[in-house]
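Below: the structure, in structure tokens.
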Amino acid sequence: MEIDRAGLAEFLRRRRESLQPSDVGLPQGVRRRTSGLRREEVAVLCNMSADYYSRLERERGPQPSEQMVTAIAQGLHLSLAERDHLFRLAGHNPPARGGAAEYISPGMLRILDRLDDTPAEIVTELGETLRQTRLGVALTGDLTRFSGPERSLGFRWFTDPSTRALYATEEHEFLTRLFAAGLRELATKRGSGSRAAQFVELLQERSAEFRDTWALHEVGLRPRDTKHFVHPELGELELSCQSLLDAESSQMLLVYTAVPGSESYEKLQLLSVIGPQALRG
């Protein structure tokens with residue numbers, strides 16, 4: 001496929017001009033001379049230089065890579081149909097849709113953008129954190145930093161002992177069974193060639209605990225509504241977890257809250273002051 005520079009430039013410009021700062025979680029700021037977002041703001045949202053993005057809108061520069069197109073689509077909060085159209089304009093085949101999708105829908109992003117005062121995250125069906133709020137990072141650390149199979153919480157549970165430090169000890173036995181059972185269901189649902197099936201093979205090689213738990217052949221376990229996190233400075237927090245499922249992508253928005261007036265509620269207030277710095281490094 002060849003890049004359609006004129007079509008790409010026009011599409012990007014129209015989508016940028018149709019968005020307001022509040023649509024993408026940015027402050028409104030001072031009076032604007034142009035409609036929609038500025039090119040510089042879009043560049044920040046897409047994690048690229050303003051010069052690179054500006055050249056695309058001016059029908060110049062190199063053909064953007066698939067990674068760049070994905071970043072632009074996510075930054076502009078495009079729907080899946082718009083994302084696929086953008087890929088074709090840029091001269092690429094659109095990514096396959098399905099359970100392995102990592103593209104976050106605009107609606108899910110808009111909800112997350114409005115949860116700045118609440119720990120929240122968007123995860124894939126394999127437990128890979130795609131996006132966190134500021135307080136989400138403060139609670140558990142930056143979970144988007146991992147790569148490969150280690151991006152999955154369930155995979156790290158059996159391969160990285162430090163993962164368990166974030167959860168109360170009395171929860172460990174249940175979580176071990178939960179992650180194994182969930183992976184079994186997912187591997188069966190997605191089939192032998194899926195990433196879930198690949199994770200099963202890797203974990204059977206690397207973890208004796210996983211092999212023992214896998215042998216129980218449990219299915220049907222579901223996460224508990226109440227989570228017991230352990231923060232390095234604030235100690236244990238008892239939080240309720242509400243979830244919102246995006247059925248098309250199988251992604252979940254997880255929001256963690258505490259009962260008003262409880263000790264954990266007070267700790268969440270402190271967490272907003274401490275911020276993410278306590279869990280860096």
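Projecting the Cα positions of G36, C46, Q74 onto the charge dipole of segment 5-89 (unit charges on Cβ atoms of Lys, Arg, Asp and Glu, taken about the Cα centre) puts G36 furthest along the positive direction.
When you work out D = kT/(6 pi eta Rh) for segment 188-281 at 4 °C and 1.567 mPa s, using the Kirkwood radius from C-alpha pairs as Rh and the Stokes-Einstein form, the result is 77 µm²/s.
In degrees from 0 to 90, rounded to the nearest 10, what is the angle of the helix 5-18 Cα long axis to the longest principal axis of the chain? Value to nearest ten degrees: 70.
Here the dipole of segment 106-279 is about 460 debye; that uses its Cα centre as origin and unit charges on the Cβ of Lys and Arg (positive) and Asp and Glu (negative). Taking the convex hull of the alpha carbon positions in segment 5-89 and averaging its projected area over all directions gives 5.2 nm². Comparing G148, G191, G107 in a Gaussian network model of the chain (Cα springs below 10 Å), the most mobile by mean-square fluctuation is G148. Summing Lys and Arg as +1 and Asp and Glu as -1 over all other residues whose Cβ lies under 13 Å from the Cβ of Q204 gives a net charge of -1. The trypsin sites (Lys or Arg not before Pro) of segment 47-121 meeting both criteria, a DSSP state outside H, G, I, E and B (loop) and at most 16 other C-beta atoms within 10 angstrom of the site's C-beta, are R58, R60, R97, R114.
Every number here is computed from the coordinates shown, using simple stated rules; none is lab data. Note that the structure is a prediction, hence the values are computed from the model and not measured. Here Cβ is always computed from backbone atoms with ideal geometry, including for glycine, and neighbour counts include all displayed protein chains.
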